[in-house]
Structures are given as structure tokens and as C-alpha cells.
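The values are calculated or read from the model by the stated rules, or taken from the named source; none is laboratory data. As the structure is a prediction and not an experimental result, all values here were calculated from the model. Glycine gets a Cβ as well: all are built from the backbone with ideal geometry, and neighbour counts include every protein chain shown.
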Amino acid sequence: MLNKILNIIKKIEDTILIFLLTVIVLMTFLQVIGRFTPLPFSSAFEELATASFIWATMFGSSVCVRTGGHVCMDFLVSLLPKDKHIYNEIWQYLITLIFSAAVISITSKLIPTVKRAGMVSPSLNIPVYIHYYALLIGFGLMTLWSIVGIVEQVRTVSQSKRRKGEEV
């Protein structure tokens, strides 16, 4: 059941990311066309592309955590014995989890402040606090995938220890 839910989240995440990247490409293309034609919406295209880029960055970061593409110093990891690599991955997920939780905490306090300020974007008149939800959702997904990664790695370690115990 949990795997089904995680797969649905993966599909939604990937679909949103593809949509956002399409919007970025389309809006950037329209901006270029707008330079040579009298299109009146070029600033709106730029603002939409920028907002889409912010959201795509956060969803992309989440996908990196999910797929194991997070930050790692390969040189240092290569010095570890092969059987210790999994512990390095657990530490990476744990650091990501702590950092993500901290950003969620800060952002959740920041959004109401920005909302009260009542700022809106210049071209599209979208409330600015909506962009901060990208941080909340992106780091929330990073937290989720960090927890899933830790659980999977711990499960792998316990299974390998169990197998070693059976071999003896």
C-alpha cells in the first residue's frame, strides 16, 4: 500500500516537473519572439518563466533526493571499503533530512509574514507568498524521500547482516 502511494507521488512529481519545464521553454521562446515583434506580454512571459523555474528547481531537488543524485564527495566515498558505502548513503539522507526540516520550519514561519505584507508580482499580479510554497513543497518532498531512503538503506543493512549471520 505504501509503495503504491509513493509511486503515485513519484508520477505526480515527474508530471509537474515535465509541465514546468515545458512552460519554461515555451515562455522563453515567446520572450525571444517578443523581442522582434510588438507582443505586449513579454514581461509576463519572463515572470511566468521565472516562477516556473523556481518551482521546477524545488521539484528537481526532490527528484534528486529520491533518485540518489544528492550531493556527495565521490573521492572520499571511494576511499571507504565497499561494505561501508551504505552507511555513507544513510548519512547523506540524514543530513538532507535535517536540512530540509530546518528549511520547512523557517519557511512555514516566513510565509504568513510575506502574506501579510500583501506583495504581488508586477506583471501577473500573483501574490508573492505563492513562490514560497515552492520551498515548503519542495523541501517537504525532500524530507519524505530522505525518510524513505533511510528506511530502505537500514533495511538493506539489516538484511545483509542477517545473511552474514546465516552464512556463519
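Quick one: would you say residue 146 is in contact (Cβ under 8 Å) with a residue 12 or more places away in the chain, in a helix (DSSP H, G or I) and among the small types (Gly, Ala, Ser)? Yes.
List every residue pair whose Cβ atoms lie under 8 Å apart, where the two residues are 6 or more positions apart in sequence or sit on different chains, the first residue falls within region 151-163 and is closer than 19 Å to residue 96 by Cα and part of a helix (DSSP H, G or I), and the second residue, located anywhere, is at pLDDT 85 or above and not charged (D, E, K, R). Cβ pairs passing all conditions: 153/90; 153/93; 154/90.
Looking only at region 149-168, which residues are surrounded by fewer than 17 Cβ atoms within 10 Å (Cβ to Cβ) and either modelled with pLDDT of 90 or more or in contact with a Leu (Cβ under 9 Å, 6 or more places away or on another chain) (or both)?
Our first condition is that a residue be surrounded by fewer than 17 Cβ atoms within 10 Å (Cβ to Cβ); within region 149-168, this holds for 151-152, 154-168.
Matches in region 149-168: 151, 152, 154, 155.
Scanning region 113-143 for residues that are over 21 Å from residue 9 (Cα atoms), among the small types (Gly, Ala, Ser) and either touching a residue at least 60 places away in the same chain (Cβ under 8 Å) or surrounded by 14 or more Cβ atoms within 10 Å (Cβ to Cβ) (or both) returns 121, 123.
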